[in-house]
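Note sheet for the following structure.
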Amino acid sequence: MRKHYSPVFSAFFIAVLLLCSITVAVSVFHQASLSRQINEAQRNLRTMQGRLLKQEMEFAEVLEAIPAAQAELAVLQPQAQAAYDQEQALRQQRKELRAENASLAAALEVLQAQTFESNSEAAATAEAILRLEQALTELRALDAQLD
């Protein structure tokens with residue numbers, strides 16, 4: 001024989017079963033999501049641990065290389081300072097030579113101007129000497145005629 005349940009009880013029972021089914025389905029999806037997040041977090045952790053290990057190895061290598069680099073620096077530092085000092089001295093010498101070159105160029109211009117003036121005066125003097133020589137020659141010729 002079959003028992004008949006009241007429709008309220010049947011509806012309540014169906015609602016509870018649906019609620020349980022939904023809860024289980026949500027739990028399954030939530031569990032899958034959490035599982036993916038855990039796997040991703042573990043993968044990231046392994047990656048970070050690998051990077052950390054690599055960085056620790058590089059750091060150890062750098063720490064080992066520091067004394068050699070400091071020794072090399074101690075050797076090269078005086079040479080670098082000497083090169084820097086020489087560069088500064090050469091820069092100063094270049095400034096002085098440029099200034100001297102500028103003053104020599106100005107003096108050359110003055111001398112060229114004076115030479116041009118002297119050449120003009122010399123040409124005038126040479127012309128005057130030629131005239132005087134001609135006049136002297138003419139005077140001697142006249143003196144010779146008068147004698």
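Observations
- Residue within the range 46-63 that is among the polar types (S, T, N, Q), open to solvent by less than 90 Å² (accessible area, probe 1.4 Å) and out of contact with any helix residue (DSSP H, G or I) (no Cβ under 7 Å at 6 or more places or on another chain) present: yes
- Exactly one residue out of 114, 37, 81 is within 28 Å of the chain's Cα centre (by Cα), in a helix (DSSP H, G or I), without any contact (Cβ under 8 Å) to a residue 40 or more places away in the chain and surrounded by 10 or more Cβ atoms within 10 Å (Cβ to Cβ): that is 81.
- Hey, residue 60 hydrophobic (A, V, I, L, M, F, W, C), over 29 Å from the mean Cα position of the chain (by Cα) and part of a helix (DSSP H, G or I) or not: yes
- Residue count for the range 90-106, restricted to those that are open to solvent by 70 Å² or more (accessible area, probe 1.4 Å) and among the aliphatic types (A, V, I, L, M): 3
- Beta carbons closer than 9 Å, at least 6 apart along the sequence or on distinct chains, never pair a first residue in the range 9-28 that is on the phi > 0 side of the Ramachandran plot with a second that is surrounded by 10 or more Cβ atoms within 10 Å (Cβ to Cβ) and not in a helix (DSSP H, G or I).
- Condition check for residue 142: open to solvent by less than 100 Å² (accessible area, probe 1.4 Å) and in a helix (DSSP H, G or I): yes
- Unique residue being open to solvent by 80 Å² or more (accessible area, probe 1.4 Å) and either modelled with pLDDT of 90 or more or part of a helix (DSSP H, G or I) (or both) when the list is 109, 87: 109
The values are calculated or read from the model by the stated rules, or taken from the named source; none is laboratory data. Not measured: the values here are computed from a predicted model. All Cβ positions, even for glycine, are placed from backbone atoms using ideal geometry, and neighbour counts span all protein chains on display. These accessible areas exclude ligands, DNA and RNA; they are computed on the full protein's heavy atoms, side chains included. Shrake-Rupley method; radii C 1.70, N 1.55, O 1.52, S 1.80 Å.
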